[in-house]
Amino acid sequence: MLLEFEIFLKNNLPKVESFHPNFNLALSEMLSAKAKRFRPLLLLSVVENSSPLLLKNSMHVALAVEMFHTYSLIHDDLPAMDNACLRRGNETLHIKYDETTAILVGDALNSHSFYMITNAPLSDEIKVKLISILARDGGINGMIIGQAIDCKFENKKLSLEQLKFMHVNKTAKLIAASLLMGAIIGGLCEKKQQSIYNFGLKLGLLFQIQDDIIDITQSSDQAGKSTMSDVNKNSFINLLGIKGANDEKSRLLKELEIDTNSFKEDLSQCLRKIINNYFKG
């Protein structure tokens, strides 16, 4: 499934006709770089295990989510935010090109993600719902306020409750949205949609905790991105220590294992496999 997605991605890289010497290269570079594709995988997995005939049609939406996520990484790496020099095993765009190019590429991927959804071979009713979810959880009611808090409170210690609020918004909501968007395409009932969204919020926190652990335990070469960068930031490691962060990770893994039992067997097995591959290896 991910191989099929990679082929679709390569065949649908955004580009624009112009005499700019390197904008198209910059536009596609970070998107086509080797990456986990975690959010597209979640979306496509839900569709495959609920309405497999719609899997091919869903590639447009999965790519839209990956474009949106990539935009967020490009902007997160900017000098005004994390000022990182490495992402997905490559120089960040503001280092390789310039800050203006990085900002505009991020802006382009943001807007193009919604364009991808509008052109997906799905019903208009479904597409409106998908656009609403991505705009909500990737916007001021999700990722944006999370990022704003992250930047505003550098060198200012947050409580555990505040830390979770920040990361639920900055990281978890887009992961939960990926699952929810798959559930909507797959035709799951509203009750199941809410269950899988709540599952996604926990999964997103687990993802963030693991990311915090990677930041302190792996080199930049191992991680494919700048590490040891959270020294002045509010992270689960800085607040709870490595042991406390690992304990929180274990707690969430147990909760998620229980939560998968509420889904149909095929989807339940698929989600367990994803968790095992990403968080227990």
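Here, each number is a calculation from the coordinates, and none is a lab measurement. Being a predicted model, the structure only gives us computed values, none of them experimental. Because the Cβ atoms are built from the backbone with ideal geometry, glycine has one as well, and the counts that use them run over all protein chains shown.
Structure data summary
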{"item": "Condition met for residue 110 (without any contact (Cβ under 8 Å) to a residue 40 or more places away in the chain and under 21 Å from the mean Cα position of the chain (by Cα))", "result": "no"}
{"item": "Flag if residue 152 is under 26 Å from residue 271 (Cα atoms), surrounded by fewer than 17 Cβ atoms within 10 Å (Cβ to Cβ), free of Cβ contacts under 8 Å to residues at least 12 places away in the same chain and out of contact with any helix residue (DSSP H, G or I) (no Cβ under 8 Å at 6 or more places or on another chain)", "result": "no"}
{"item": "Residue match in region 244-260 (condition: on the phi > 0 side of the Ramachandran plot, within 22 Å of the chain's Cα centre (by Cα) and of a type in the set (A, V, I, L, M))", "result": "no"}
{"item": "Wholly enclosed helices (runs of 4 or more DSSP H) of region 25-97 bearing at least 2 residues among the charged types (D, E, K, R) and within 26 Å of residue 273 (Cα to Cα)", "result": "38-48, 55-76"}
{"item": "Flag for residue 130 being in contact with a Phe, Trp or Tyr (Cβ under 8 Å, 6 or more places away or on another chain), over 15 Å from residue 235 (Cβ atoms), part of a helix (DSSP H, G or I) and not small (Gly, Ala, Ser)", "result": "no"}
{"item": "Qualifying position, being out of contact with any helix residue (DSSP H, G or I) (no Cβ under 6 Å at 6 or more places or on another chain) and either without any contact (Cβ under 8 Å) to a residue 24 or more places away in the chain or part of a helix (DSSP H, G or I) (or both), among 147, 208, 162", "result": "162"}
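Each row is one residue, and each column tells you yes or no for (1) touching an Asp or Glu at 6+ places or on another chain (Cβ under 7 Å); (2) under 24 Å from residue 88 (Cα atoms).
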residue: 183; (1), (2): no, no
residue: 189; (1), (2): no, no
residue: 205; (1), (2): no, yes
residue: 208; (1), (2): no, yes
residue: 216; (1), (2): no, yes
residue: 235; (1), (2): yes, yes
residue: 242; (1), (2): no, no
residue: 247; (1), (2): no, no
